[in-house]
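Participant: Sharing a structure here in C-alpha cells format.
The values are calculated or read from the model by the stated rules, or taken from the named source; none is laboratory data. Here the structure is a predicted model, which means the values were calculated and not measured. Positions of Cβ are backbone-derived with ideal geometry, glycine not excepted, and every protein chain shown enters the neighbour counts. SASA here: full protein model, heavy atoms, side chains in, ligands and nucleic acids out. Shrake-Rupley method; radii C 1.70, N 1.55, O 1.52, S 1.80 Å.
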Amino acid sequence: MVHFTAEEKAIITTLWSKVNVEEEGGEALGRLLVVYPWTQRFFDTFGNLSSASAIMGNPKVKAHGKKVLTSFGDAVKNLDDLKGTFGHLSELHCDKLHVDPENFRLLGNILVVVLAKHFGKEFTPKVQAAWQKMTMSVASALASKYH
Amino acid sequence: MVHLTDAEKGLVNGLWGKINVDEVGGETLGRLLVVYPWTQRFFDSFGNLSSAAAIMDNPKVKAHGKKVLNSFSDGLKHLDDLKGTFAQLSELHCDKLHVDPENFRLLGNVLVVVLGHHLGAEFTPQAQAAFQKVVAGVANALAHKYH
C-alpha cells in the first residue's frame, strides 16, 4: 500500500478542489489519444478521431474524459485505500475492456502535464511530486486485480 | 531513429526558441530530483539536496541542468541521427556514471511537464505529442551504447 504523508494529502486535495473535472478530464483523455495514438484502439465507437483537433473536439472523448477524471476524485477521497476503491474498475479493465495496464501510467503522466499546464506557478515541484505519486498509485491500483 | 514530420519539427523548434534553455534545464533537473528522489544518488557532490526548496535553489543543480538541456538542444539539431549525436554521452552514462537508462525516460517526462508548465496554452496536444516523441528518441539514443 502506498503511503501518503499528511503534507502530500493536503497538497493533493487542495489542488483537486480547483480542478475543473469536465474540462481537464476531456483534455487529459484527448491528449492521451493524440500523444499515444495506439490508445485510440479502445475507443472505436467514439466516431471521428482522425486528427488532433477532431479528437480534442470530440464530444464522446470529452464525456468519457470527464467520467475517468471523476473517478480520480474518488481516489482523492480514499488515498489510504486505493486498491479497495479501484478493485471493481480493475476487474472491468482486465476482464471486459482488455486494457494493458501500461496505459494507466501513460494517462497518469498526461494528467500531470495537463495539471502543470493549467496551474502554472501553483504546480510547484512539491505539488508535482505529490501528484506523480498519486497518479502512479492509481495506476497500480487499477492493475491490482489483473490476472 | 525517431521520425518527426516537418510539421512536428516546426512545432518543436518553434517552441524551443521561446524557452530559456538554461533556466528550463535547471528547473527540469531540480524537479527530477524532487519528484523521483532516488535520482539524488547520482549527485552526491552537489551539496544541499535536503528539501525541494534547497534542490531548486542549488547552484550545482542549476548549472548541471543547464548543461543537460544544452546537450538536448544539440539533439534537436540532429533529429535524424540521435544515436550518433548521443553515442559518446551514452558510453559515459553507462561506463563511468552507471545511470539506469530508465532515468532518461523519467527526465524526458519531467521536461514535458516543465514545458507544459512554462508554455501553458501554447503547449498544444500536437506539440506535446511531438515533444514526447523527441524525449523518447533521446532516451533511447542515450541507452543505445549500454552493455
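Participant: Determine which member of the set A:K18, A:K9, A:K60 is in contact with a Ser or Thr (Cβ under 8 Å, 6 or more places away or on another chain), at pLDDT 95 or above and open to solvent by 10 Å² or more (accessible area, probe 1.4 Å). Steps first, please.
Facilitator: Values: A:K18 fails: in contact with a Ser or Thr (Cβ under 8 Å, 6 or more places away or on another chain); A:K9 fails: in contact with a Ser or Thr (Cβ under 8 Å, 6 or more places away or on another chain).
It is A:K60.
Participant: In the range A:72-88, how many are buried (at least 20 other Cβ atoms within 10 Å of the Cβ) and within 12 Å of the chain's Cα centre (by Cα)?
Facilitator: Qualifying residue count for the region: 2.
Participant: If only one of A:E91, A:E102, A:E122 is over 25 Å from A:A6 (Cα atoms), within 14 Å of chain B (Cβ to nearest Cβ) and open to solvent by 40 Å² or more (accessible area, probe 1.4 Å), which one is it? Please lay out each step first, then the result.
Facilitator: Details: A:E91 fails: within 14 Å of chain B (Cβ to nearest Cβ); A:E122 fails: over 25 Å from A:A6 (Cα atoms).
None of the other options fit; the residue is A:E102.
Participant: For the range B:131-143, indicate whether the set of residues that are facing chain A (nearest Cβ under 8 Å) and in a helix (DSSP H, G or I) is non-empty. Working first, answer last.
Facilitator: Quick first cut of the range B:131-143, residues facing chain A (nearest Cβ under 8 Å) only: B:132.
Adding the requirement that they be in a helix (DSSP H, G or I) leaves B:132.
Looking for residues that are facing chain A (nearest Cβ under 8 Å) and in a helix (DSSP H, G or I), one finds at least one in the range B:131-143, hence yes.
Participant: Counting just the residues of the range B:41-71 that are free of Cβ contacts under 8 Å to residues at least 12 places away in the same chain and within 14 Å of chain A (Cβ to nearest Cβ), which one comes out least open to solvent (accessible area, probe 1.4 Å)?
Facilitator: Checked the range B:41-71; the qualifying residue least open to solvent (accessible area, probe 1.4 Å) is B:A54.
Participant: Turning to a different aspect of this structure: Scan the range B:72-100 for residues that are in contact with a Leu (Cβ under 8 Å, 6 or more places away or on another chain) and open to solvent by 30 Å² or more (accessible area, probe 1.4 Å) and jot them down.
Facilitator: Selection gives B:L89, B:H93.
Participant: Looking at (1) within 7 Å of chain B (Cβ to nearest Cβ); (2) modelled with pLDDT under 95; (3) within 15 Å of A:V68 (Cα to Cα), can you tell me which one A:L97 breaks?
Facilitator: A:L97 satisfies every listed condition except (1).
Participant: Looking only at the range A:65-87, decide whether some residue is among the polar types (S, T, N, Q), away from chain B (no Cβ under 11 Å), in contact (Cβ under 8 Å) with a residue 24 or more places away in the chain and over 22 Å from B:A127 (Cα atoms).
Facilitator: Looking through the range A:65-87, at least one residue is among the polar types (S, T, N, Q), away from chain B (no Cβ under 11 Å), in contact (Cβ under 8 Å) with a residue 24 or more places away in the chain and over 22 Å from B:A127 (Cα atoms).
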